[in-house]
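The values are calculated or read from the model by the stated rules, or taken from the named source; none is laboratory data. As the structure is a prediction and not an experimental result, all values here were calculated from the model. Every residue, glycine as well, gets a Cβ built from its backbone with ideal geometry; the counts of neighbours run over all protein chains shown. For accessibility, only protein heavy atoms count, side chains too; no ligands or nucleic acids. Shrake-Rupley method; radii C 1.70, N 1.55, O 1.52, S 1.80 Å.
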Amino acid sequence: MSIDAGRRRFLKYSALGGAWAACPRWVSAETLRNAPTAGFHPDVELDFTAKLARVEILNQGPATAVQKFFGTVRKGPANSLVQLPNNYLGPILNLQQGQRVRVYFTNQLSEATIIHWHGLHVPQSSDGHPMYTIAPGEQYVYEFEVRNPAGTSFYHSHAHNLTAEQVYRGLSGLIVVRDAEEAKLDLPDGDYDLPLVIQDRSFDNRNQLRYVHGMPQRMMGFLGDTILVNGKPNAGFQVKSRAYRFRALNGSIPEFISWAGTTARR
């Protein structure tokens with residue numbers, strides 16, 4: 001590691017020190033994981049990128065500037081990632097209990113970020129703790145086995161002091177885990193298994209996301225004036241006369257990320 005790179009890494013972790021001062025002793029900065037482990041043989045291998053994008057969220061007027069997760073499948077089932085159409089949300093991550101997963105994550109934003117797999121039981125080094133926040137242009141490699149039973153969760157940015165605003169601007173997505181026990185239930189699947197990611201957002205008169213920075217909102221949180229479902233206002237779905245499964249996720253900025261972000265809903 002060069003002197004400049006080492007100095008930057010030291011300064012970054014020093015700045016983060018206060019954020020995890022109350023955490024258990026085993027939480028400490030480690031070397032940036034930027035290469036795969038030789039002995040880890042993944043069933044699923046994915047590329048994830050965080051970068052700026054413009055998406056037509058509202059029904060008319062200019063597209064909205066967002067921060068967005070993009071993903072592609074290197075190895076494994078093609079449906080390991082499913083993109084919601086015309087959307088700022090990241091692709092749906094479809095996993096099977098027992099799969100071994102490797103994710104190459106690259107930060108193409110102009111600010112630091114990292115991905116947290118909220119709800120997945122993963123090793124600490126693959127959890128996306130704020131201490132692992134990477135700078136623009138850096139890569140982080142996640143490796144884990146899916147140990148969760150069937151269920152629905154989500155992934156999101158977990159960057160120190162940026163979590164809430166980055167999630168607000170788009171850096172999140174749905175996780176679906178399936179297992180053998182769930183398969184025995186013969187639940188609706190495929191087109192009849194519908195995600196419903198519910199979020200509140202506010203927009204200015206140019207359709208740009210309005211993230212409130214005032215002290216009252218920083219202390220008490222704030223609610224957006226527009227409800228989005230799967231990234232769209234007034235969302236509607238064409239359905240048939242049969243049973244459906246709905247995976248409803250509250251994707252608004254929840255209170256649990258307030259310590260790593262700047263604003264939380266209450």
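Data for the structure
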| item | result |
| --- | --- |
| Residue within the stretch 114-131 that is closer than 14 Å to Gly90 by Cβ and touching a helix residue (DSSP H, G or I) at 6+ places or on another chain (Cβ under 6 Å) present | yes |
| Residue within the stretch 134-141 that is farther than 22 Å from Tyr168 by Cβ, open to solvent by less than 30 Å² (accessible area, probe 1.4 Å), of a type outside the set (Val, Ile, Thr) and in contact with an Asp or Glu (Cβ under 8 Å, 6 or more places away or on another chain) present | no |
| Hey, Arg74 outside any loop (DSSP other than H, G, I, E, B), open to solvent by 40 Å² or more (accessible area, probe 1.4 Å) and either on the phi > 0 side of the Ramachandran plot or touching a strand residue (DSSP E or B) at 6+ places or on another chain (Cβ under 6 Å) (or both) or not | yes |
| Residues of the stretch 77-110 satisfying the condition of being open to solvent by 40 Å² or more (accessible area, probe 1.4 Å) and under 17 Å from Asp193 (Cβ atoms) | Pro77, Ala78, Asn79, Val82, Gln83, Pro85, Gln96, Gln97 |
| Enumeration of residues in the stretch 142-183 that are open to solvent by 20 Å² or more (accessible area, probe 1.4 Å) and in a helix (DSSP H, G or I) | Glu165, Ala180, Glu181, Glu182, Ala183 |
| Residue match in the stretch 185-197 (condition: in contact with a Phe, Trp or Tyr (Cβ under 6 Å, 6 or more places away or on another chain) and of a type in the set (A, V, I, L, M)) | yes |
